[in-house]
Amino acid sequence: MHFRTTRSRHLPLAWRVERGFFVAVCAIALVVGAIPVPAIAQVQWRMATEYPESNISGVGLATFGKLLASNTNGYLTTVNAFDNEMKISSGEMLRAAQDNRIAGGDAFAGPLEASDPIFGLSSLPFVVQSVDSARAVNARARPLYERALAARRLKLLYMTIWPSTGIWSDQPLKSVEDLRTLSVRTYDYNSAEVMRTVGATAEYLPFNEAIAKIREHKLNAILTSGDGGAGRKLWDDLRHFTPINYAIPISIAFVRQDDFEALPKEVQDQVEAAAAATEKSQIELLSNRTAENYKRMRSNGVSIDEPASPAIIAALKGAASGPIAAWQTKVGAEAVAILDWANKQ
């Protein structure tokens, strides 16, 4: 022992420094090796919506992303594509996730009816007429939404209830005859059928395509909420909004089940917590959203023509019976029971 110590004392200084550095590196390596990989790894989810970040759907994705990053200390984050940046409309979003083009996103529920008719529930015409009723209906329908998504290996994260739907138009709507002058974009096939029944020319289109047609003067109206219109500044072309309370629809945020299951259990719990907190935040946002939208619309020259003509409402409600009856034939008994409950409220 004495020999080895004495010998190392007489080795060149450079060798002793280098040897010390090597020992230090080995020690660090041992410590780092003891740290579980998930503590230093990072995961990103690419999420999409066809709506702007200022729209209630975009606000939800941004809120979820912030909560997710905070809950997981940056281990899991989102990269959000707003305003149809990825050219994936709501109706295409489930397939885009299944094809792994995105991890998930926030899709307006109505167009998802092409994947499963249950998703058309929230946008059925004149069924839900208050936010409280919308919350109750969607709470009952949640297991059905979850089941429909799970069949596609997708997981429901949270739901966003939108402000009620009205009609943006380039002229005021005072009578049933005015409905027949409309060339209107609708947000699903049911709403297109309702508008055609009252004499309008109607076309179901993603929002970006609708705006392009408005600017080309191929459309003169859009069925959407004040929120959807304000987010896209529809007042540049459509100066009238008629709040017909057609529906109080929802959008659905989801993620690929495989991406969720690949996470450590602790992180899965943090995702669930972020999703629950986002849904709560979206409900709180909704409480003042319509008033804020109307204020912004009026400040930009929009005439909010309320109350809507009783004759217009009566004509639209009469036209709604066909699509509602058709929807009932496509869904199971559980969904029909929810609709029956809503009609009694």
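Calculated [222 nm] ellipticity per residue, helices only, for the chain: -16000 deg cm²/dmol; basis is -39500 (n - 2.57) per DSSP H run with n ≥ 4, divided by all residues, nearest 500. With unit charges on the beta carbons (Lys and Arg positive, Asp and Glu negative) and the dipole taken about the Cα centre of region 200-273, which residue among 220, 204, 270 sits farthest to the positive side? Checking the options against the dipole of region 200-273, the answer is 220. Under 30 Å of direct C-alpha separation, and excluding same-chain neighbours fewer than eight residues apart, residue 330 reaches these lysines: 87, 155, 317, 344.
Among the listed options (1) 6, 25, 33, 24, 10, 1; (2) 6, 26, 37, 25, 6, 0; (3) 5, 23, 29, 19, 8, 4, 4, 3, 3, 1, 0, the one matching P(r) over Cα pairs in 10 Å bins from 0, in percent as calculated from these coordinates is (3).
Checking understanding here: applying a Kyte-Doolittle mean of at least -0.5 and a length along the axis of at least 18 Å (C-alpha), which whole DSSP H helices in the chain pass? Membrane-span-like by this criterion, though nothing is claimed about a membrane: 13-33, 56-71, 131-150, 310-330. Within the accessible area of the chain, the carbon and sulfur atoms contribute 54%, probe 1.4 Å, all protein chains present. Entry comment: accessible area of region 39-111 is 38 Å² per residue, from protein heavy atoms only and a probe of 1.4 Å.
Entry comment: accessible area of region 140-242 is 38 Å² per residue, from protein heavy atoms only and a probe of 1.4 Å.
The values are calculated or read from the model by the stated rules, or taken from the named source; none is laboratory data. Keep in mind the model is a prediction, meaning the values are calculated, not measured. Neighbour counts are summed over all protein chains in view; Cβ atoms, including those assigned to glycine, are modelled from backbone coordinates with ideal geometry. Accessible surface areas use protein heavy atoms only, side chains included; no ligands, DNA or RNA. Shrake-Rupley method; radii C 1.70, N 1.55, O 1.52, S 1.80 Å.
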